[in-house]
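This report refers to the structure that appears directly beneath it.
The values are calculated or read from the model by the stated rules, or taken from the named source; none is laboratory data. Since we're looking at a predicted model, the values are computed, not measured. Counting neighbours? That spans all protein chains shown, and the Cβs are built from the backbone with ideal geometry, glycine included. To get the accessible areas, we keep the full protein, side chains included, count just its heavy atoms, and leave off ligands, DNA and RNA. Shrake-Rupley method; radii C 1.70, N 1.55, O 1.52, S 1.80 Å.
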Amino acid sequence: MPQKGVETGLSASLASSMLQIFCAAFCIMANISRTTFNTGDITQKGYEKKRAKLLARYIPLIQGVDPSLQAENRVPGSSQATAAVSKQQKSRSTNSRDERFRSDVHTEAVQAALAKYKERKMPMPSKRRSVLVHSSVETYTPPDTSSASEDEGSLRRQGRITSTPFQSHSNVEPWLNRVIQGSSTSSSASSTSSHPGGKPAAASNTATATAAATVLADLMVASVRGVPRGYHSSILETADGVPVNSRVSSKIQQLLNTLKRPKRPPLKEFFVDDFEELLEVQQPDPNQPKPEGNQMNVLKGEPLGVVTNWPPSLLSALQRWGTTQPKAPCLTALDTTGKAIYTLTYGKLWSRSLKLAYTLLNKLTTKSEPLLKPGDRVALVFPNSDPVMFMVAFYGCLLAELIPVPIEVPLTRKDAGSQQIGFLLGSCGVTLALTTDACQKGLPKAQTGEVVTFKGWPRLIWFVIDGKHLAKPTKDWHPQVRDASAEIAYIEYKTSKEGSTVGITISHASMLAHCHALTQACGYSEAETLTNVLDFKRDAGLWHGVLTSVMNRMHVISIPYALMKVNPLSWIQKVCSYKARVAVVKSRDMHWSLLAQRDQRDVSLSSLRMLIVADGANPWSISSCDAFLNVFQSRGLRPEVICPCASSSEALTVAIRRPPELGGPPPGKAVLSMNCLSFGVIRVDTEEKLSVLTVQDVGQIMPGANVCVVKVDGTPYLCKADEVGEICVNSGATGMAYFGLLGITKNVFEAIPVTAAGVPVSDQPFTRTGLLGFVGPDYLVFVVGKLDGLMTVSGRRHNADDVVATALAVEPMKFVYRGRIAVFSVTVLHDDRIVLVAEQRPDASEEDSFQWMSRVLQAIDSIHQVGVYCLALVPANTLPKAPLGGIHISETKQRFLEGALHPCNVLMCPHTCVTNLPKPRQKQPDVGPASMIVGNLVAGKRIAQASGRDVTQLEDNDQARKFLYLADVLQWRAQTTPDHPLFLLLNSKGTVASTASCIQLHKRAERVAVALIEKGRLNVGDHVALVYPPGVDLIATFYGCLYAGCIPITVRPPHPQNLATTLPTVKMIVEVSKSACILTTQAIMKLLKSKEAATAVDIKTWPTILDTDDMPKKKLASIFRPTSPDMLAYLDFSVSTTGILAGVKMSHAATSALCRSIKLQCELYPSRQIAICLDPYCGLGFALWCLCSVYSGHQSILVPPLELESNVSLWLSAVSQYKVRVTFCSYSVMEMCTKGLGTQTDNLRVINLSCVRTCMVVAEERPRITLTQSFSKLFKDLGLSARAVSTTFGCRVNVAICLQGTAGPDPTTVYVDMRALRHDRVRLVERGSPHSLPLMESGKILPGVKVIIAHTETKGPLGDSHLGEIWVSSPHNATGYYTVYGEEALHADHFTARLSFGDTQTVWARTGYLGFLRRTELTDASGERHDALYVVGSLDETLELRGMRYHPIDIETSVIRAHKSIAECAVFTWTNLLVVVVELEGSEQEALDLVALVTNVVLEEHYLIVGVVVIVDPGVIPINSRGEKQRMHLRDGFLADQLDPIYVAYNM
């Protein structure tokens, strides 16, 4: 746009219209910026040139035109966005709009709302290419036209979808290729070129629009697989000050910016439970509109007229016409070309119904008993194209006094809702189904040739009623044609909002009364012709086309649905050719005929006296009626002929508009404020605001009926005159009950409306119709919605149909199919949340759809003032269909909740919708430690401290005690019991790979010591890294180091197949520990110096590497003796789950104390054998492998966990073979056994685990109760005792704090309230209570260990059952960190903490774990009451969100339960957003199902909003050797964009 134009004084109004134009041009800009930025960075000049060219077409628009006119009929970026469309194209494009859903007011409102709304930058989800292709290209098929009633997209007519000059929609492929080839886009580029040109003042208005365009283009490069990672993107400083060079974090930044926008005003009040965890509860807004009118009175319809020769029942009418007027036509059936194939006369109908009745009662037998007796229910299964057979079947059943239950033809075993229909048939006791020959042939058959039993259906006998199968009645057989009684005549089915199917019973009397009332209201007369487009099996199609027509000997022309789809004008042609007086249609039929009407110039509708619009109660029907009248008034249609009516399955016809000649008042129309309607109040909107609903009346109530409007919820109080409520009817012509369901029948069919004073308005019960509305002037009934589509969000009511209408006004023709939109609500966190699901056109690109979605959100937000919780697009043709087209809403909802919808695009907006979260917790000024102690004393609570048995008091015959150093113990054992076997190493086949007796170990250690001193030239105190696979070599070299006076550090060897990630860790430990030498095997030595290693680390900087494979047999001159027990014995290095590498120092005294403690707890003696399946590199695993056997003299059977990968049963077989009583494993080993052997317990009969007394899981985390329980349960059959499995607890400061051991009470389990834990409190609850979390005790506290619970901040002691940090004091505490890599400033006080109050003398080590102590009723070995220690989780891992403390494992457990395909999950936070990474074990099309389920479950159970959901392949979440998730590594990988995710969803 030329700059001058802006400068030379645009008026204010002009500026505002410019803004609208900018918005209108938004899409185009997005397209441009996408193309240009992808081909190379656009220059400032080039950008302006391009923009000027683009906007040129808009400039003429502004000259001298009122801007408000221009705003009309233009959605930004839509097909209407241009005036440069040629005239012919213009007319075509307006005709191609969907008039049925559209009232001009509504469309303009949506456009104005969108223009007003500045485009905001929303981060677009990233999707892997394979998923993209699945959703957009493979499904490139037009929607299935067999049953897409609401889908005008299926009417493929020429000129239907017009393309506009500047928006050709290419299919998705080229875009894909462009992305896959990579691009030079960069976020820095987009930021510089956001709004060049123009004065800054003018630019600022439009900046957001253009910048949004560039950003969208920018984001499209998302993390699709195959994008080269090399393109430059700006380096962002993250909140933690860490620079992150990544796309992901820029998206998160964008998301944060979006979320900073102010939300709706927060709600004030809370309901209180005994916690701070209070959900906000909706308080009525004091300014909300309230009804002010008088209480309404019951409305009385005109009395039913008395007709002299009115038949006493419907059957007697049939008998009369069948015998006196046998030649009169009753029903004409058409084929799909519109040709009349058969006309049923009244004589034929009567005689064939008689034949059928006779056959049913006399010719069907089982075991010589008649199959049916009067009153039995019979299913009628007839296709929509065969009204003749249906009518014969229906009247045949009535004549036989059987009760017909008409249902749809089940096409496949998986039909939407078919199971529910089966349930209805079962509950009605149906055993027989009537059908036609052709229909029976089309049903799916079993191998026997019989019709299959559909899922959930009872076993049915299928009986074909074509002529040849019927028997002629004998001369003396006559059916009894009784007067209409209260007996059931037929059952009509209805599907409720939740998807359950109920049967509504209609009596003979009400069927007759309804026919009478319809005859009077519609002025039906004998021999009139009626055209019926509706389904003749139920609802208005049945009432007018099958029942009332027979009453009045009318001739019905039945138009099958299949014909309507081929020729939407067919019904109008038939009205014209048969000179029909009445037609019964739905708004969609009028709408379809509008689309096709230009093909027919010569039709005339002048014969019609009534055009009954059966769904006139639908708020959109008004636009169809108006548009239809506009077009067909010139073809003889009189305006007063259009008669909308309202009906419900329970109350049948409720109201119908009468033409003036039948005494109807003039039609009414109301323009209502949408906001007031949401509060249930009627206010006519005079100011032409954006959010209005225009409704038309559905006429007056039926003759002989009384009607009132009552409050929707609770007691049926009468509404005020200006209040919306549920319409209730009392008349002889309503349904009687829900078959077999007494409870809800009473509620619906026997409602007693009462006045405000509680006085019943009538002694007669009323029937609730499920229609929401009010009574307007002239006693006209207005319906504004249905109970089924009602969604109550934060106390305001919204109608699903209205929301659909708004979504459709956002010009979706290019992106989604018109009639294929479902809106429903799901309950999440105690409130309804709106979900919108639509079918995406296969040719719509990701970006277009995403843009459409974000605009739908804006429109709904502006017009309904309500947020959409989830918007999902599914591939064309995948939503479940209702029998006659349309979408099966309840089935769609079911699939959404089960995660079976398989969307191809999802946008969740929990941040904007969920306003009832609990208040963020405000930390109270802390109570001081002294007051806390006093408080506990007053409350009678003891201070939480506990200790293991006192080591000094324990007298045992422990020979090793007299030695201070482990090296001495080994020498002593080598002398006294040289051949006693200490170690047995098993290989994957279960055979012994190597052994070591006391003397062998001693001699090998000596050789190593010699090599260190002579070859390595090492001095006393030098550090040596031992890089060995698990085995005897590792143990021997460890003692060799002690013999030589060196300090050993055990290091896990690098993985040859994965050097890039495992070798740097080895290098880091070697460097950080300042190792002077590496001892290893020849194979690993080669690996460390290999070419492959050189790509991962600098191999030139390794220290001396010695291999110990063949060392000379030399005797050591003298074995080193430390000068004091406090000297360093070894260093223990480990990487914590938070990614911190920490090495702790273990002195000789601590090492001996550790061994002694374990010996006492597990009762280890030289005669014992224990089996160890653990990694030997750090913590308790290292102590059990390398230290304990030498100290206690027992034999250790070593099972390297890696060997289980090739033989899962190795560990358990070894336990069984050696009859081991004590065994140790890790969680990863336990998991491998449960997963790998779960299905094979039968093949493992050879294994016997009854010998095991304790099986301990070595862990540094909260016990994984589900895993240990499923392990116990699974191997119970192999003799494993239920009491055997327990866990241990250790950490960096003390590797063994708790260990179950062989004596003492079993570990206890308590249930705590998860909500209390978030507030750092422990509240014990019953098992199974809501929000309960099971915690298992982590084994018994070891001898010599003292534990106390301290407040994390004040460091004061806490009381029993209070949550705090676990502090430990014991002779085997580590003496300090050797170094902490990554956070040096930590941790002086980790080893030397003192309480701030109470016992301030004892020196404690802080474990960094939260937990609590609880005194139990059990007694321990010393006869004292037993104190149980419960570990809740690591402090470093916890997430601080909303002022509360969350443990990742709790959120992850909830997420894993959310869907069967979630294999694993990990959560972390990034700039205050919760990121959930989910491993998908299933097909990629399930990926997007998980987004909503994950968001729901975390909201529901943890009151947290998920910011980002990342879906990845199995095995992406890194896990360490202890089986713990490395969440920080995962976080780094995510931010560096290295996870190759299947899908990343950014929740808004």
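Rounded, prolate or oblate for segment 497-592? Axes are the square roots of the Cα gyration tensor eigenvalues, ordered a ≥ b ≥ c, and the cut-off for rounded is a/c under 1.5.
Verdict is oblate for segment 497-592.
Can you sort Trp1102, Trp852 by solvent-accessible area, 1.4 Å probe, largest first?
Result of the area sort, largest leading: Trp1102, Trp852.
Hey, if we sort Arg581, Arg553 by accessible area with the 1.4 Å probe, largest down, what's the order? It would help to have the intermediate numbers written out before the result.
Working: Arg581 95, Arg553 35 Å².
From most exposed to least exposed: Arg581, Arg553.
Output the direction-averaged projected area (hull surface divided by four) of the convex hull of the alpha-carbon atoms of segment 597-669, in nm².
5.7
Across segment 701-816, what fraction of all alpha-carbon pairs, as a whole percent, falls in each successive 5 Å bin from zero upward?
2, 10, 18, 20, 18, 13, 8, 5, 4, 2, 1, 0
In whole angstrom, how long is each semi-axis of the equivalent ellipsoid of segment 797-879, when you take the square root of 5 times every eigenvalue of its Cα gyration tensor and sort them from largest down? Mind dumping the intermediate values first?
Details: eigenvalues 88, 36, 25 Å².
Ellipsoid semi-axes (Å, largest first): 21, 13, 11.
Along the three principal axes, how long is segment 1008-1106 when you take its alpha carbons, biggest first, rounded to the nearest angstrom?
Here the Cα extents, ordered largest to smallest, are 36, 26, 20 Å.
Leaving ligands and nucleic acids out of the surface, order Arg796, Arg1415, Arg1283 by accessible area at 1.4 Å, largest first.
Ranking Arg796, Arg1415, Arg1283 by accessible area, largest first, yields Arg1283, Arg1415, Arg796.
Choose one of Ala580, His591, Pro560: the residue whose Cα lies farthest towards the positive end of the charge dipole of segment 560-599 (beta-carbon charges +1 Lys, Arg; -1 Asp, Glu; about the Cα centre).
Ala580
Based on the mean of other beta carbon atoms within 10 Å per residue, what is the order of 976-986, 840-850, 1488-1498, most packed first? Numbers along the way, then the final one.
Details: 976-986: 17.5, 840-850: 22.7, 1488-1498: 25.6.
Put in order of decreasing packing, that is 1488-1498, 840-850, 976-986.
With charges set only on the Cβ (+1 for Lys and Arg, -1 for Asp and Glu), what does the dipole of segment 1223-1305 come to about its Cα centre, in debye to the nearest 20? Don't skip to the answer; put the middle values down first.
Numbers: 9 positive and 5 negative charges, 26 e Å.
My answer is approximately 120 debye.
Could you state how much accessible area Arg1414 has, in square angstrom rounded to the nearest 10, with a 1.4 Å probe and all protein chains kept in place?
For Arg1414, the solvent-accessible surface is approximately 60 Å².
On a full-extension model of 0.36 nm per residue, what is the gain between Leu629 and Asn1248, subtracting their alpha-carbon distance, rounded to one decimal in nm?
The Leu629-Asn1248 span can extend by a further 214.3 nm.
Taking every pair of alpha-carbon atoms in segment 1462-1548, give the share separated by more than 15 Å as a whole percent.
Beyond 15 Å sits 55 percent of the P(r) for segment 1462-1548.
Size of segment 1098-1232 along its principal axes in angstrom, Cα-based, largest extent first?
42, 41, 39
Could you state the per residue volume, in Å³, of the convex hull enclosing the Cα atoms of segment 1340-1490?
With only Cα atoms used, segment 1340-1490 gives 188 Å³ per residue.
State which entries of Lys1115/Lys1159; Lys1015/Lys1113; Lys367/Lys472; Lys300/Lys494 exceed 20 angstrom in Cα-Cα distance in the structure shown.
The pairs that break the limit, which is 20 Å between Cα atoms, are Lys1115/Lys1159; Lys367/Lys472; Lys300/Lys494.
Based on the Kirkwood radius over alpha-carbon pairs, what is the Stokes-Einstein translational diffusion coefficient of segment 1066-1147 at 4 °C with 1.567 mPa s viscosity, in µm²/s?
84
By how many nm would the segment from Ala596 to His980 lengthen if fully extended, with 0.36 nm per residue of separation less the alpha-carbon distance?
That works out to 128.5 nm of additional length.
Kindly provide the Kirkwood hydrodynamic radius of segment 436-519 in Å, to one decimal, from all pairs of distinct alpha carbon atoms.
On the way: mean 1/r = 0.0584 Å⁻¹.
It works out to 17.1 Å.
Which order do the peptides 991-998, 433-440 take when ranked by the mean count of other beta-carbon atoms within 10 Å per residue, highest first? Walk me through the intermediate numbers first.
Details: 991-998: 16.1, 433-440: 20.5.
The densest-packed peptide leads the list: 433-440, 991-998.
Starting with the highest mean, order 583-589, 816-822, 1029-1035 by the number of other Cβ atoms within 10 Å, averaged over the residues of each peptide.
583-589, 816-822, 1029-1035
Can you give me the pair-distance distribution of segment 343-435, C-alpha pairs, 10 Å bins, whole percents?
Calculated P(r), rounded to whole percents: 16, 44, 31, 9, 0.
For segment 1288-1409, count the residues as N, evaluate 2.2 N^0.38 Å, and divide the Cα radius of gyration by that value, please.
Scaled against compact globular proteins, the figure is 1.16.
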